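Remarks on the structure that follows.
The values are calculated or read from the model by the stated rules, or taken from the named source; none is laboratory data. All figures in this text were calculated on a predicted structure; none of them were measured in a lab. Backbone-built Cβ (ideal geometry, glycine too); neighbour counts: all protein chains shown. Accessible surface areas use protein heavy atoms only, side chains included; no ligands, DNA or RNA. Shrake-Rupley method; radii C 1.70, N 1.55, O 1.52, S 1.80 Å.
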Amino acid sequence: MSTFLVEIVTPERKVYAETANMVSVKGSEGELGILPNHVPFVTTLRIAPVVIKRDGKQDVIAVHGGFIEVRKDKVVILAELAETASDIDVERARQAKERAEQRLAQKRDDIDYRRAELALQRALNRINAKGL
Ligand code: ATP
């Protein structure tokens, strides 16, 4: 079975680098499943889990937006923030989700709704990534 390298990089660290058979991402235009020898392209990513299939195993990374670059023999994901399933503290994410939901439910002028909405998306991304 043919393979390609998948790298997930943030400004802080290389989060992930493995030889894969397939990678699934949620691009700004929708779900994308990338197999070996895909045509090269670049697009932006939503805040969503990235799923990598390799040797019958599956890795899930919570990628909080960014870019995907598909090259001939390599896929590079550049994200502001990304966590592997083992990095994720699901209880912390549940608490962050609660806080964000409470903020979004309040009708107060001093609440930054955009910020709360993004915090909610990050928390859901972490919970989903851990559950896949
Ligand atoms: P919280 O309110 O719990 O801090 P947050 O979404 O505001 O969540 P971020 O600002 O996105 O947190 O992240 C700050 C740092 O904490 C990053 O390094 C991120 O990887 C890490 N982090 C945040 N939430 C979790 C989690 N549930 N499990 C593991 N690491 C986390």
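For the range 90-132, the candidate set comprises residues that are without any contact (Cβ under 8 Å) to a residue 12 or more places away in the chain and part of a loop (DSSP other than H, G, I, E, B); within that set, the residue that is least open to solvent (accessible area, probe 1.4 Å) is Ile111.
For the range 21-47, enumerate the residues that are touching a helix residue (DSSP H, G or I) at 6+ places or on another chain (Cβ under 6 Å) and among the acidic types (Asp, Glu). Give the steps one after another, and end with the answer.
Pass one, the range 21-47, residues touching a helix residue (DSSP H, G or I) at 6+ places or on another chain (Cβ under 6 Å): 47.
Residues satisfying the conditions do not exist here.
Looking across Ala93, Ala48, Ala82, one residue alone is over 14 Å from the mean Cα position of the chain (by Cα) and among the small types (Gly, Ala, Ser). It is Ala93.
What is the residue count in the range 44-57 for residues that are in a strand (DSSP E or B) and exposed (fewer than 13 other Cβ atoms within 10 Å of the Cβ)? Don't jump to the end; show me each part of the working.
Applying the first criterion (in a strand (DSSP E or B)) to the range 44-57 yields 44-54, 57.
The next check asks that each one be exposed (fewer than 13 other Cβ atoms within 10 Å of the Cβ); those that pass are 44, 57.
Result for the range 44-57: 2.
Per-residue answers, yes or no, for (1) surrounded by 15 or more Cβ atoms within 10 Å (Cβ to Cβ); (2) under 20 Å from Ala93 (Cβ atoms):
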| site | (1), (2) |
| --- | --- |
| Ser24 | yes, no |
| Ile34 | yes, no |
| Val42 | no, no |
| Ala62 | yes, yes |
| Arg71 | no, no |
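Would the range 62-71 turn up any residue that is under 17 Å from Glu7 (Cα atoms), of a type outside the set (D, E, K, R) and modelled with pLDDT under 95? Yes, the range 62-71 contains at least one residue that is under 17 Å from Glu7 (Cα atoms), of a type outside the set (D, E, K, R) and modelled with pLDDT under 95.
Might you let me know whether the range 76-86 holds any residue that is away from the ligand (no atom under 16 Å from the Cβ), surrounded by 13 or more Cβ atoms within 10 Å (Cβ to Cβ) and either outside any loop (DSSP other than H, G, I, E, B) or of a type in the set (D, E, K, R) (or both)? Yes, there is a match, as at least one residue in the range 76-86 is away from the ligand (no atom under 16 Å from the Cβ), surrounded by 13 or more Cβ atoms within 10 Å (Cβ to Cβ) and either outside any loop (DSSP other than H, G, I, E, B) or of a type in the set (D, E, K, R) (or both).
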